[in-house]
Amino acid sequence: MKAVVTGGAGFIGSHMVDLLVEKGLKVVVIDNLANGRLDNIAHHKEKIEFIRADISDKSFDMSSLFTDVHYVFHFAALADIVPSIKQPNKYHQANVEGTLRVLEASQHAKNLKKFIYAASSSCYGIPDTYPTPESSKIQPEYPYALTKTVGEQYVMHWGQVYDLPVLSTRFFNVFGPRHRTSGAYGAVFGVFLAQLLNKQPLTVVGDGEQTRDFTFVTDIVDACYTASQSKYKNEIFNLGSDGTYSINYLTKLLGGDVKYIPRRPGEPDCTFADITKVKQKLDWSPKVSFEDGVKIMLENIEQWRGAPVWNENSIKEATKEWFEYLS
Ligand code: UDP
């Protein structure tokens, strides 16, 4: 059995590759290394095929790569809020056009069993219901969320019109080793771990009582694999940890000093997935507790040694557009 993982050198994609190799699949990784790193998959060496290419590049003909593929895990995407506000077109190219091109290439697979799309819980914006079920209102708050949502709509449409066996999995606040260590101001774990390593205060947004459904990366890829082996198609599944944890609790687990910084506009007070559907249909449930996940992050803290160390002022500067456009 053969699988393509787009974005397979990235944070979540590389964990997907780990699991697929462990399960004995042949794996082809397509990644442009914009955010992904070869280090993330270097331990597989000749066990996998790596193609450095941009899925949204029209001169890159992917179709021949897909003819004998059974599973497609489409994880390649641009992330982060502020850069998406600054360059929405770039996000459209990567996350919408890129998805369309991977769908079209997948139509060349003669025996495709499943196409798994990595969707984002940001599609719910500021949700009306907690825990949030898949049927909740879709209300993206910024271009990253919008482009991931439109990508999902393309995927579901390809299931409906072209009978591609698609599933979309909406990830909630994924964390784990190899979480990005460079680039734009973003996900909280990278920010806090670099601050902790450099004995700087952890910059807690608002009063820190907001909660997130922090889901450990190995649970996410385990769910994606389980979905790929299932009989289902044309379905959307939330993937979450079955809990929600405050930032103040996270700082307690990590230790270190804290500095409170202004609350950001357009942010939910809580993310919390209703995972009833995935539990019932796929018989899947998360295995790594939040506390154990944080422990694993601390054991791997050296990974953030070279990461940017954010502070109140640099965050203020980096989030200027965020406050300007989302207020
Ligand atoms: N957060 C924080 N300090 C930071 C960055 C983030 O307290 O320097 C908080 C943020 O307010 C949010 C949580 O951490 O409640 C997760 O933020 P992240 O950007 O990782 O994910 P998202 O907001 O998209 O859920």
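Every number here is computed from the coordinates shown, using simple stated rules; none is lab data. On a predicted model such as this, the values are computed, not experimentally measured, just so you know. In this analysis, Cβ positions are derived from the backbone assuming ideal geometry, glycine residues included, and neighbour counts consider all displayed protein chains.
Taking every C-alpha pair closer than 8 Å and separated by at least 6 residues, the mean separation divided by the residue count of the chain gives a relative contact order of 18 percent. Given axes a ≥ b ≥ c from the Cα gyration tensor, I'd like to know whether region 237-327 is rounded (a/c under 1.5), prolate (a/b larger than b/c) or oblate. Since a/c reaches 1.5 but b/c is at least a/b, the shape of region 237-327 is classed as oblate. Taking region 302-327 and a reference point 7 angstrom along Cα→Cβ of Ser182, the backbone N atoms nearer than 18 Å belong to 302-310.
Helical content of the chain, expressed as a calculated mean residue ellipticity at 222 nm, amounts to -10000 deg cm²/dmol (DSSP H runs of 4 or more residues, -39,500 (n - 2.57) each, divided by residue number, nearest 500). Label-to-label distance for Arg263 and Lys47 is 4.7 nm, based on points extended 7 Å past Cα in the beta-carbon direction.
The distance between label points at Thr276 and Gln229 comes to 2.7 nm (points 7 Å beyond Cα on the Cα→Cβ vector). Computed from label points 7 Å out along Cα-Cβ, the spacing between Ala34 and Ser285 is 3.9 nm. Distance from the Cα centroid of region 219-265 to that of region 274-298 is 8 Å (rounded to whole angstrom). When the Cα atoms of region 20-159 are aligned to their principal axes, the ranges along those axes come out at 46, 31, 29 Å in descending order. Kirkwood's formula applied to the C-alpha pairs of the chain gives a hydrodynamic radius of 20.0 angstrom.
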